[in-house]
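Take a look at the structure set out below.
The values are calculated or read from the model by the stated rules, or taken from the named source; none is laboratory data. Bear in mind that the values here come from a model prediction, so they are computed numbers and not experimental data. Note that each Cβ is placed from the backbone with ideal geometry, even for glycine, and that neighbours are counted across all protein chains shown.
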Ligand code: NAD
């Protein structure tokens, strides 16, 4: 049963009951229509209340049925909406907790709406690259006003019900028991005729032409790569300038056209990819989980501090361990400062500030953390240091505690074997700044127990991170691919590009930051050290010496005022550097390469296909579970443009045979061996298949 039906006194109550968010599945839609029929047929019933069980009124479409025949099966949402609007007895939506997308559109079609405070009201369709498709763009402006509706529809962000209390959206805000209030309201309006329909409300927007002209300018600047926000404006404009039925046609046309765009497909791929990443084929959802009520972090440096904040933000007490009091004080002060900045910006209340700061404590003694349920090591990236820490943790931590490492590149299996409980050891690779970045690579060691994996997956959800499972290898999924990308970027410099040209081309493609700006942010010295280690391990690796030359000049990036770019003191704006250009041009001469003009297309192809080819190896080796996991790593951790769906999705849209052909062309140039297609890529391309 996805919707239940009861009668209380003279009011029929239809309750959506499709956990977790009362998504509008086929069965739920049918349940509503059946309930309405019963209510209309029952002579005793004089009104109807529709509400949602549990923690939502309705979260909208049931994503589990997305793109399945059930999502199109009758009664469609449009039919349900028509049945509600045309009902001959008043229908009151009793809104609480969440009313989003189709769920909100359902409420908008009712004759009346009542709500409790604290409900999240939203039309989030734009985040999937589409416009609301069931009348939302036409009814919402009639109820909350054009400006508020436009903001909600274009941003997709939610607004609290109490903030909309003064509008026509809610006929009454209910304090206390929602159902009692809703039934009392229904009883009060039971005999009012004619029944009010939102479609009949006349919109008042006297300066609408100027208003929408301005809105279009703002939206086109803010959403350069996405067609959907501009189409949202068109639809809301139609609600003002056209009759209701014609406005509905405009909405429908835009909805159907946007559904076919690559951008919308990419956004939907990202949405489903994030959900898929939470599934591990051999670790079922019902795997028992260990309770996590407290955490400890070893090392209060850049990463340790950020990681600690995630726990405090989720209400989990966390203890930071350092070796020296100065380092501990510095770490705790950095955390406090970070929270103070948020407080100053008004994004945190004083109470939350006190709570969060209060949940983070420091210590110099492992004795204080022995009862923690999980410990995350974030000390220096040296195997010797990690060994000492893990041997100590093995000695002091209570049995069953999860021991994890934030290592970016070291062998997790080795780290696990420093303990007598390798089954309890797992990698949790957070990204910097760890309190902001969504991605965490979950590194599954050879011996990591299934319940440890299941527990960390659930924990990451709780601290609002996107966890993606990776096997053990140098750099895991993200950084192993990044190595190929940055090596290719350096070859481009040798052959004719300057850093600013490479960065510009890839930023135009949509990346948040090009490889050289990113290099300056992460530190030229840091990448130099990683490169040295890799070359020692793989002496046959082909790479450009250009980064080493920069390092030898003492240009470490933003941290000392110059790297690939120059920087003015206190300013992070990159300024193309004459000295670096000269260094690059001379280097090309020294290695006998005749510089040539390189197109933006070549830059983008070489950088992206370098990622794609390495990812194909990762899939073959089983390091990455699925192509969409690779996409999620790049979308949430590396600034890959969301409207392109991630490197693998993008390669699919280009066509894998086209990718292989382009690689063949680049194989004729310098470092041709780099472009040997991974067997999986070659196979899929030959078979005309895709990664996703
Ligand atoms: P950091 O140098 O900022 O901090 C390391 C901290 O660990 C220092 O405060 C140090 O005093 C402390 N420490 C060292 N040995 C210790 C010990 N035995 N006991 C307790 N404390 C000890 O380093 P970071 O950038 O925070 O990196 C930490 C780990 O996170 C490394 O493994 C690194 O590879 C990984 N990582 C870093 C980043 C990044 O961008 N910085 C990103 C992902 C992962």
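Test residue 286 against the criterion of being more than 10 Å from the ligand (Cβ to nearest atom) and touching a helix residue (DSSP H, G or I) at 6+ places or on another chain (Cβ under 8 Å), and give yes or no.
Values: more than 10 Å from the ligand (Cβ to nearest atom): yes; touching a helix residue (DSSP H, G or I) at 6+ places or on another chain (Cβ under 8 Å): no.
When the stated conditions are applied, residue 286 does not pass them.
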_I'm checking my understanding of the structure. Among residues of the range 423-436 that are over 17 Å from the mean Cα position of the chain (by Cα) and closer than 13 Å to residue 467 by Cα, which one is farthest from the ligand (Cβ to nearest atom)?_
426
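In the range 459-497, which residues are within 17 Å of the chain's Cα centre (by Cα) and at positive phi?
Listed by number, the list holds a single entry, 464.
Residues are listed down the side, and each one gets a yes or a no for (1) at pLDDT 95 or above; (2) assigned to a helix (DSSP H, G or I):
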residue	(1), (2)
316	yes, no
338	yes, yes
341	yes, yes
375	yes, no
381	no, no
384	yes, yes
*Might you let me know whether the range 502-518 holds any residue that is free of Cβ contacts under 8 Å to residues at least 24 places away in the same chain, in a loop (DSSP other than H, G, I, E, B) and surrounded by fewer than 21 Cβ atoms within 10 Å (Cβ to Cβ)?*
no
*Can you name the condition, by its number, that residue 269 falls short on among (1) crowded, with 16+ Cβ neighbours inside 10 Å; (2) over 30 Å from residue 630 (Cβ atoms)?*
(2)
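Quick one: which helices (runs of 4 or more DSSP H) lie wholly within the range 39-152 and hold at least 2 residues that are in contact (Cβ under 8 Å) with a residue 24 or more places away in the chain and assigned by TED's automatic domain parsing to the domain that holds residue 18?
Details: elements: 69-72, 77-86, 102-109, 136-144.
Qualifying helices (runs of 4 or more DSSP H): 69-72, 77-86, 102-109.
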*Filter the range 26-72 for residues that are touching a helix residue (DSSP H, G or I) at 6+ places or on another chain (Cβ under 7 Å), surrounded by fewer than 21 Cβ atoms within 10 Å (Cβ to Cβ) and at pLDDT 95 or above and give the result.*
26, 33, 45
*Looking only at the range 447-466, decide whether some residue is within 12 Å of the ligand (Cβ to nearest atom), touching a helix residue (DSSP H, G or I) at 6+ places or on another chain (Cβ under 8 Å), in contact (Cβ under 8 Å) with a residue 12 or more places away in the chain and not in a helix (DSSP H, G or I).*
no
*Is there a residue in the range 382-405 that is crowded, with 16+ Cβ neighbours inside 10 Å and under 25 Å from the mean Cα position of the chain (by Cα)?*
yes
_Tell me whether the range 195-218 contains one or more residues that are crowded, with 19+ Cβ neighbours inside 10 Å and over 26 Å from residue 90 (Cα atoms)._
yes
*List pairs: first in the range 372-395 and within 17 Å of residue 305 (Cα to Cα), second within 8 Å of the ligand (Cβ to nearest atom) and part of a helix (DSSP H, G or I), Cβ under 7 Å, 6+ apart or cross-chain?*
377/386; 377/389; 378/303; 378/304; 379/385; 379/386; 379/389
*asked:* Which condition from (1) closer than 19 Å to residue 442 by Cβ; (2) surrounded by fewer than 20 Cβ atoms within 10 Å (Cβ to Cβ) is the one that residue 327 breaks?
replied: (1)
*Would you check if there is a residue in the range 411-422 being in contact with a helix residue (DSSP H, G or I) (Cβ under 8 Å, 6 or more places away or on another chain) and near the ligand (Cβ under 10 Å from one of its atoms)?*
no
*asked:* Here is a check on your reading of the model: is residue 192 closer than 25 Å to residue 81 by Cβ and surrounded by 17 or more Cβ atoms within 10 Å (Cβ to Cβ)?
replied: no
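Would it be correct to say that residue 639 is surrounded by fewer than 21 Cβ atoms within 10 Å (Cβ to Cβ), outside the structural domain of residue 430 (by TED's automatic domain parsing) and farther than 21 Å from residue 480 by Cα? Spell out how you get there, then give the answer.
Working: surrounded by fewer than 21 Cβ atoms within 10 Å (Cβ to Cβ): yes; outside the structural domain of residue 430 (by TED's automatic domain parsing): yes; farther than 21 Å from residue 480 by Cα: no.
The answer is no for residue 639.
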_Suppose we keep only residues that are touching a strand residue (DSSP E or B) at 6+ places or on another chain (Cβ under 6 Å) and within 10 Å of the ligand (Cβ to nearest atom) within the range 364-377. Which one would you say is farthest from residue 451 (Cα to Cα)?_
377
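Hey, could you check the range 467-489 for residues that are touching a strand residue (DSSP E or B) at 6+ places or on another chain (Cβ under 8 Å) and surrounded by fewer than 20 Cβ atoms within 10 Å (Cβ to Cβ) and say which is farthest from residue 410 (Cα to Cα)?
If we filter the range 467-489 for residues that are touching a strand residue (DSSP E or B) at 6+ places or on another chain (Cβ under 8 Å), which is where we start, we get 467-472, 476-478.
With surrounded by fewer than 20 Cβ atoms within 10 Å (Cβ to Cβ) added as a condition, the list becomes 471-472.
Working: 471: 12, 472: 9 Å.
Going through the qualifying residues, I end up with 471.
Test residue 670 against the criterion of being more than 18 Å from residue 542 (Cα to Cα) and part of a loop (DSSP other than H, G, I, E, B), and give yes or no.
It is false that residue 670 is more than 18 Å from residue 542 (Cα to Cα) and part of a loop (DSSP other than H, G, I, E, B).
Does residue 345 qualify as being within 16 Å of the ligand (Cβ to nearest atom) and farther than 15 Å from residue 299 by Cα? Quick ask: steps written out before the conclusion?
Working: within 16 Å of the ligand (Cβ to nearest atom): no; farther than 15 Å from residue 299 by Cα: yes.
So residue 345 fails the test.
Among the residues of the range 286-314, count how many are touching a residue at least 12 places away in the same chain (Cβ under 8 Å) and assigned to a loop (DSSP other than H, G, I, E, B). First the steps, then the outcome.
So in the range 286-314, the residues touching a residue at least 12 places away in the same chain (Cβ under 8 Å) come out as 287-314.
The next check asks that each one be assigned to a loop (DSSP other than H, G, I, E, B); those that pass are 287-294, 299-301, 314.
The total comes to 12.
Here is a list: 582, 602, 542. Which entry is within 30 Å of residue 657 (Cα to Cα), outside any loop (DSSP other than H, G, I, E, B) and away from the ligand (no atom under 16 Å from the Cβ)? I'd like the intermediate steps shown before the answer.
Values: 582 fails: within 30 Å of residue 657 (Cα to Cα); 542 fails: outside any loop (DSSP other than H, G, I, E, B).
Residue meeting the stated conditions: 602.
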*asked:* Given (1) surrounded by 23 or more Cβ atoms within 10 Å (Cβ to Cβ); (2) modelled with pLDDT under 95, identify the lone condition not met by residue 139.
replied: (2)
_When residues of the range 438-465 are limited to those that are surrounded by fewer than 20 Cβ atoms within 10 Å (Cβ to Cβ) and touching a strand residue (DSSP E or B) at 6+ places or on another chain (Cβ under 7 Å), the one nearest to residue 633 (Cα to Cα)_ = 438
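Looking at this structure, is residue 361 outside the structural domain of residue 401 (by TED's automatic domain parsing) and not in a helix (DSSP H, G or I)?
Details: outside the structural domain of residue 401 (by TED's automatic domain parsing): no; not in a helix (DSSP H, G or I): yes.
Criteria not met by residue 361.
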